[in-house]
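Single-structure report; data block below.
The values are calculated or read from the model by the stated rules, or taken from the named source; none is laboratory data. What you are looking at is a predicted structure, and each value in this text was computed from that prediction instead of being measured. Every residue, glycine among them, receives a Cβ derived from its backbone with ideal geometry; neighbour counts consider all protein chains shown. In case anyone asks, the SASA skips ligands and DNA or RNA and just uses the protein heavy atoms, side chains included. Shrake-Rupley method; radii C 1.70, N 1.55, O 1.52, S 1.80 Å.
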Amino acid sequence: MADSDLYAFSMDKLSGRYRVNKDLSTSIDSVMRIQRIPWLVRKVVLNAPASASSMLFQHYLAEDGKEHVDTLQGMTGMPLAKHKINRVVDDKAKITVFSDPFAGPIRLSCWWGGLEDTHINGEQNDYLREAWEGSAEGTKLLLTIYSSVDYGWTVFEVTTVQEIDGQKRLATYSVVTATEPKHEVVHSRVVYDPMRA
């Protein structure tokens, strides 16, 4: 595969396999802790080499005409670390529920948006604004809200394509808010590099 094909992805064509760039990403330990991911699982994920983990994006129109951006995150030698999310890109008011083996049942809504959508509780969030300002002009943002049914946390996530450290990359910016056992807000950025098939 030529480099031109490897970097042909866009927000209109996300399908492909990506690898987390740990050097350009923030730690997700606090995010996993808030989501009640067990300590041992967190340590394995955090200490695993980048080559051991991957994220598969499947971006397509289903037979019913609905747009999907499904993801499957996996880690070599750790079947329980597989994490699949089926997103129907619909409307922020449309809520679906899926179950995570560690975090339990989670509500999800997903839609395309722009700067006007990077608000939390009606206020512009400066961290999420970075996702918009760092993207090429005209780039649409994939916005996803996850909220725990049982544990009182919410994740507001923005996915975008940006030039980071001189290279085109996929990135997710997240603001994680917890209400249990205490109020807590955590920011996270995960940067992905495309992988050869």
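Contact annotation: residue pairs with Cβ atoms under 9 Å, 6 or more positions apart or on different chains, pairing a residue in the range 23-45 that is more than 29 Å from Asp165 (Cα to Cα) with a partner that is at pLDDT below 90 and among the aliphatic types (A, V, I, L, M), are Gln35/Ala103; Arg36/Ala103; Ile37/Val45; Ile37/Ala103; Val41/Met78; Val41/Leu80; Val41/Ala81. Considering only residues in the range 182-196 that are of a type in the set (A, V, I, L, M, F, W, C) and closer than 19 Å to Ile106 by Cα, the one that is most open to solvent (accessible area, probe 1.4 Å) turns out to be Val185. Based on what the data block shows, is Glu130 acidic (Asp, Glu), within 14 Å of Thr172 (Cα to Cα) and at pLDDT below 90? So Glu130 passes the test.
Of all residues in the range 167-181 being open to solvent by 60 Å² or more (accessible area, probe 1.4 Å) and closer than 24 Å to Ser15 by Cα, which is farthest from the chain's Cα centre (by Cα)?
Taking the range 167-181 and keeping what is open to solvent by 60 Å² or more (accessible area, probe 1.4 Å), we get 167-168, 179-181.
Checking which are closer than 24 Å to Ser15 by Cα leaves us with 167-168.
Working: Gln167: 19, Lys168: 17 Å.
Filtering first and then ranking leaves Gln167.
Checked against (1) out of contact with any Ser or Thr (no Cβ under 9 Å at 6 or more places or on another chain); (2) open to solvent by 80 Å² or more (accessible area, probe 1.4 Å); (3) in a strand (DSSP E or B), Thr71 passes all but a single condition, namely (2). Checked against (1) in a strand (DSSP E or B); (2) open to solvent by 10 Å² or more (accessible area, probe 1.4 Å), Thr159 passes all but condition (2).
Within the range 148-156, is even one residue within 15 Å of Trp111 (Cα to Cα), surrounded by 17 or more Cβ atoms within 10 Å (Cβ to Cβ) and either at pLDDT 95 or above or in contact with a strand residue (DSSP E or B) (Cβ under 9 Å, 6 or more places away or on another chain) (or both)? Scanning the range 148-156 turns up at least one residue that is within 15 Å of Trp111 (Cα to Cα), surrounded by 17 or more Cβ atoms within 10 Å (Cβ to Cβ) and either at pLDDT 95 or above or in contact with a strand residue (DSSP E or B) (Cβ under 9 Å, 6 or more places away or on another chain) (or both). Pairing each residue of the range 117-136 that is charged (D, E, K, R) with any residue that is modelled with pLDDT under 80, provided the two are 6+ apart or on different chains, yields C-beta distances under 6 Å for Arg129/Thr118. Each residue in the range 118-145 was checked for being open to solvent by 20 Å² or more (accessible area, probe 1.4 Å) and under 21 Å from Asp70 (Cα atoms), and 3 of them qualify.
Mind checking which residues of the range 95-104 are open to solvent by less than 90 Å² (accessible area, probe 1.4 Å) and under 18 Å from Gln73 (Cα atoms)?
Within the range 95-104, the first condition is being open to solvent by less than 90 Å² (accessible area, probe 1.4 Å), and the residues that meet it are 96, 98, 100, 102-104.
Correct list: Phe98, Asp100, Phe102, Ala103, Gly104.
Could you check the range 1-49 for helices (runs of 4 or more DSSP H) lying wholly inside it with 2 or more residues that are under 20 Å from Gly152 (Cβ atoms) and touching a strand residue (DSSP E or B) at 6+ places or on another chain (Cβ under 6 Å)?
Values: elements: 3-6, 29-34, 39-47.
Helices (runs of 4 or more DSSP H) meeting the threshold: 29-34.
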